[in-house]
Amino acid sequence: MALTISGHACEALFEVMLEQSQYVDPEDEMDVVVPYPSELGSGQVRVIELREELHLEIEYYQQYRDLVVSYEEQQNHVRVGFHLSGFHRDSLVTVCPGEYALSGSGINPEGTFNSLAIEPVREVAFYISTSHIQSFFGELPLALQPLIRPLDQISFAQTYRTTPAIQVILHQLLQCPYHGILKRRYLETKVWELLLLAVSPLLIDSEALIKPSKKLKSEEVDRIHAARKILLQRLDHPPSLMELARLVGLNDRALKQGFRACFGTTTFGYLHQYRLDQARQLLATGDLKVEEVAQQVGFSNRSYFAEAFRKKFGVNPGDYARQQRQWR
């Protein structure tokens, strides 16, 4: 049975543990390790204040039981959390191993924070103030402006797969060879590198939307979006590229090039990713068996579905379904 506590009670437990914190680096009093509360599990949280408005946390702990923390509406800073292991869910996002959560400033609505005890939690996270973000970027790109929302609006929050490039930077950060001021500068550099990589999906999505207006006529863009609509309407029996091109009044080459320009992938690739996203949603919210979900989203071969799901989300569909049922 899960342990359910209030956010205030959880904060009180960590405040007690702050009194037992220890310095990691004798040359840096802003680098401390805080023991994980013994009432909840075992482990530690390393907290490094790189600047007044830039904090880095390295968490590693094992809970005794699944944990449910109820919290009131609260204001967020920009935060990026990379999950090396462990499963978390709150009112805005669900994060699995091999994923990272990118969230912006604004409001995190009242809800619950859920953390499963099936494996240790290992996470690298950093918090940055909006003023520090704006100072770093200068004029914030349009695609990144959802990260900076007023304090009366719901925060932007999304999860993405951790790329190999991000994994390299995380490894370098965790294996930092320096102490004192060199360590702080090294870690700060790695944090900014991670931030740039973490926000790249937003920039790529923005470029995909901008490119068609420069290279394609508005009529062609409309036809390509019509092709996308047909694909999703015929999820069970999608048309071939030739048939789809005929249905929207384009030749197959124009459709192929235009679709990639608009959506950043091929028609088959888009359909494949959409099916997997639908499967994840069905596994998270329903009680269907894996075979039933696979068939419902258009996969006739369970083994192929399981392999594709694992490749995209880093977990087997059966394991993912069981994790979600524990949260319901």
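The values are calculated or read from the model by the stated rules, or taken from the named source; none is laboratory data. None of the values given here were measured: they were computed from a predicted structure. FYI the Cβ positions are ideal-geometry reconstructions off the backbone, even for glycines, and counts take in every protein chain you see.
Numbers for the structure displayed
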item: GLU72 being farther than 30 Å from LEU197 by Cα, loosely packed, with under 13 Cβ neighbours inside 10 Å and in contact (Cβ under 8 Å) with a residue 24 or more places away in the chain; result: yes
item: Verdict on GLU193 being of a type in the set (D, E, K, R), within 26 Å of GLN44 (Cα to Cα) and part of a loop (DSSP other than H, G, I, E, B); result: no
item: Selection count, region 163-190, where residues are touching a residue at least 40 places away in the same chain (Cβ under 8 Å) and out of contact with any helix residue (DSSP H, G or I) (no Cβ under 8 Å at 6 or more places or on another chain); result: 7
item: Subset of region 1-45 (residues that are in a helix (DSSP H, G or I) and in contact (Cβ under 8 Å) with a residue 40 or more places away in the chain); result: GLY7, CYS10
item: Search result, residues across region 158-184 that are within 18 Å of GLU29 (Cα to Cα) and of a type in the set (Gly, Ala, Ser); result: GLY180
item: Test for PRO26: is it assigned by TED's automatic domain parsing to the domain that holds TYR127, loosely packed, with under 15 Cβ neighbours inside 10 Å and over 22 Å from the mean Cα position of the chain (by Cα); result: yes
item: Looking only at region 298-316, and only at residues there that are at pLDDT 80 or above and in contact with an Asp or Glu (Cβ under 8 Å, 6 or more places away or on another chain), the one that is farthest from ARG234 (Cα to Cα); result: ARG302
item: Residues of region 277-316 that turn out to be under 30 Å from MET242 (Cβ atoms), buried (at least 18 other Cβ atoms within 10 Å of the Cβ) and under 21 Å from the mean Cα position of the chain (by Cα), as a count; result: 3
